[in-house]
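The values are calculated or read from the model by the stated rules, or taken from the named source; none is laboratory data. Nothing here was measured: the structure is a model prediction, and the numbers come from that model. Don't worry about glycine lacking a Cβ; one is built from the backbone with ideal geometry, like all the others, and counts go over all protein chains shown.
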Amino acid sequence: MSPIACIVGGSLGGLFAGHFLRLAGWQITIHERTEEPLSGRGAGIVTYPELATMVHTCIGRKAALGILCEKRIVQDKTESIIAEKIYPQVMASWEWLFNILFEALPPNAYHLGNNCIRAIDLGDSVELDFTSGEKIEADLAVFADGIYSEHRKLIDPYSKLEYAGYVAWRGIVEEKELSPSARAILRNHFAFALPHRQQLLTYPVARPQSEDRSINYVWYRPAPVKDVLKNWLLGKSGTQYEEGIPPHEIRDTVINAIRIDAERDMPKAFSELVNKTERPLMQPIYDLATSRMCKGRFLMIGDAAFSARPHVGMGVIKAAEDACLLGDRLANLTISIEDSLAEWETARRKVGEFLVDRGRMLGSYLAGEHAEDPPGIIEIMSNSALRVTDIPDYPMT
């Protein structure tokens, strides 16, 4: 009988884990706590050739992931292009990537509205209880439930999120809603605006072969906890949130204030993008590095184990490679599952630690951690242009 893996978390990391374990001969079930499908969530993803290869392996066919952006540019407040770099990358729609992975799953493998409320390692198996009343016994539990994982404490009870001192405001606007001048700058470029101790970057997002594009953006802004962050995390309902705030709870006064700041600090195309965002998202930036990724028959992948700052642009591919190597190590077992997981953990912790450190380096100036001037414009644009093969000792085997 095939071994069984129970995967907690149904976003991209959970889907990759399901596919690669299934290809390794395991039976899988994926359990997502939210009741609504995730396919309408997310905005854009910067992809790499290695990610495309893993997607193709998972779904059993080749599929375009997005649209090609050939060049990175930096525009200043006067609307002059002050730097550019040829750096081709495919920009994917989060929804498109989720859907093609989801549709390739076996029937009845994915379960919505099914939160894991208890997990026990029994030694040679695991037992998980869900809000649906279901009890599952499996050979392995994979926690792919993200940076706010409720189950991390089962593996590393001492790990904690470390606030970086700044936030990312995120949004996406349909290209047709922008003025011709804004479209000319943003439609085909990975574009940066770099006011002092801030960074706003944008790139186009579309389904493959689609002419209907949207422009995705991320705006990094310093936010000291007492002076700014606490105010931004105060919801419309009066709830004081701690680590993040639901978009519908962000107060109109806060949204209006950031629109005014964008007009003050940003080139016109970028400020127009912010002002035409109906409901922006606000993401406090955290570092997360765990001391271990597995314990017994429990393991964590993706952001549940290591969460690097988004400047690195490798959150999805890191989760995918966690899952890919996991499948490789657990296929055709010649040693125990525990020994196989130990080999997997050694390799993947090196990657996680490297990316967390790289993210800290790229984002340090945003929180004013250095007295000296921030890195130069070319340095910022080039340093974030990280290739998978830049990771030391890649491939991690």
Residues of the range 342-368 being in contact (Cβ under 8 Å) with a residue 60 or more places away in the chain and either under 22 Å from Leu23 (Cβ atoms) or surrounded by fewer than 16 Cβ atoms within 10 Å (Cβ to Cβ) (or both), in sequence order, are Glu353, Gly368
Result of the Cβ filter at 9 Å on the range 299-315, keeping first residues that are farther than 22 Å from Pro157 by Cα and among the aromatic types (Phe, Trp, Tyr) and partners that are surrounded by 24 or more Cβ atoms within 10 Å (Cβ to Cβ) and at pLDDT below 95, at least 6 apart or interchain, is none
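Could you grab me the full set of residues in the range 99-124 that are small (Gly, Ala, Ser) and modelled with pLDDT of 95 or more? Show your work before the answer.
If we filter the range 99-124 for residues that are small (Gly, Ala, Ser), which is where we start, we get 104, 109, 113, 119, 123.
Those that are small (Gly, Ala, Ser) and modelled with pLDDT of 95 or more: Ala104, Ala109, Ala119.
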Scanning the range 288-314 residue by residue, those buried (at least 24 other Cβ atoms within 10 Å of the Cβ), assigned to a strand (DSSP E or B), of a type in the set (A, V, I, L, M) and in contact with a Lys or Arg (Cβ under 9 Å, 6 or more places away or on another chain) turn out to be Met300
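Search the range 273-287 for residues being assigned to a helix (DSSP H, G or I) and in contact with a Phe, Trp or Tyr (Cβ under 8 Å, 6 or more places away or on another chain), and hand back the single one that is surrounded by the fewest Cβ atoms within 10 Å (Cβ to Cβ).
First, pick out the residues of the range 273-287 that are assigned to a helix (DSSP H, G or I): 273-275.
Still in the running and in contact with a Phe, Trp or Tyr (Cβ under 8 Å, 6 or more places away or on another chain): 273-274.
Working: Leu273: 27, Val274: 24.
Looking at the filtered set, the residue picked out is Val274.
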| message | Being surrounded by 15 or more Cβ atoms within 10 Å (Cβ to Cβ), in a helix (DSSP H, G or I) and not acidic (Asp, Glu): is that true of Leu128 here? | response | no
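Which ones in the range 8-22 are over 13 Å from Leu101 (Cβ atoms) and either in contact with a His (Cβ under 7 Å, 6 or more places away or on another chain) or part of a loop (DSSP other than H, G, I, E, B) (or both)? Spell out how you get there, then give the answer.
Step one: filter the range 8-22 for residues over 13 Å from Leu101 (Cβ atoms), giving 8-9, 21.
Val8, Gly9, listed by residue number.
This table checks each residue for (1) more than 17 Å from Phe143 (Cβ to Cβ); (2) of a type in the set (D, E, K, R); (3) crowded, with 16+ Cβ neighbours inside 10 Å; (4) in contact with a strand residue (DSSP E or B) (Cβ under 9 Å, 6 or more places away or on another chain).
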{"position": "Gly18", "(1), (2), (3), (4)": "no, no, yes, yes"}
{"position": "Gly25", "(1), (2), (3), (4)": "yes, no, no, no"}
{"position": "Ile28", "(1), (2), (3), (4)": "no, no, yes, yes"}
{"position": "Glu36", "(1), (2), (3), (4)": "yes, yes, no, no"}
{"position": "Ala52", "(1), (2), (3), (4)": "yes, no, yes, yes"}
{"position": "His56", "(1), (2), (3), (4)": "yes, no, no, no"}
Just one listed residue, out of Glu263, Glu249, is touching a Phe, Trp or Tyr at 6+ places or on another chain (Cβ under 9 Å), modelled with pLDDT of 95 or more, of a type outside the set (A, V, I, L, M, F, W, C) and more than 20 Å from Glu162 (Cβ to Cβ), and it is Glu249
Every listed condition ((1) under 23 Å from Met293 (Cα atoms); (2) over 26 Å from the mean Cα position of the chain (by Cα)) holds for Gly133 save (1)
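Which residue is nearest to Leu178 (Cα to Cα), if the candidates are limited to the range 191-205 and must be among the hydrophobic types (A, V, I, L, M, F, W, C) and over 18 Å from the mean Cα position of the chain (by Cα)? Please lay out each step first, then the result.
To start, the set of residues in the range 191-205 that are among the hydrophobic types (A, V, I, L, M, F, W, C) comprises 191-194, 200-201, 205.
Filter once more, so that each one left must be over 18 Å from the mean Cα position of the chain (by Cα): 191-194.
Details: Ala191: 15, Phe192: 17, Ala193: 17, Leu194: 21 Å.
Checked the range 191-205; the qualifying residue nearest to Leu178 (Cα to Cα) is Ala191.
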Exception for Ile117 within (1) surrounded by 15 or more Cβ atoms within 10 Å (Cβ to Cβ); (2) farther than 23 Å from Pro3 by Cβ falls at (1)
Filtering the range 91-114 for residues that are surrounded by 15 or more Cβ atoms within 10 Å (Cβ to Cβ) and among the charged types (D, E, K, R) leaves a count of 1
Residue hits (the range 219-260; of a type outside the set (D, E, K, R), closer than 16 Å to Gln198 by Cβ and under 25 Å from the mean Cα position of the chain (by Cα)) are Trp219, Tyr220, Pro222, Ala223, Pro224, Val228, Leu229, Trp232, Ile258
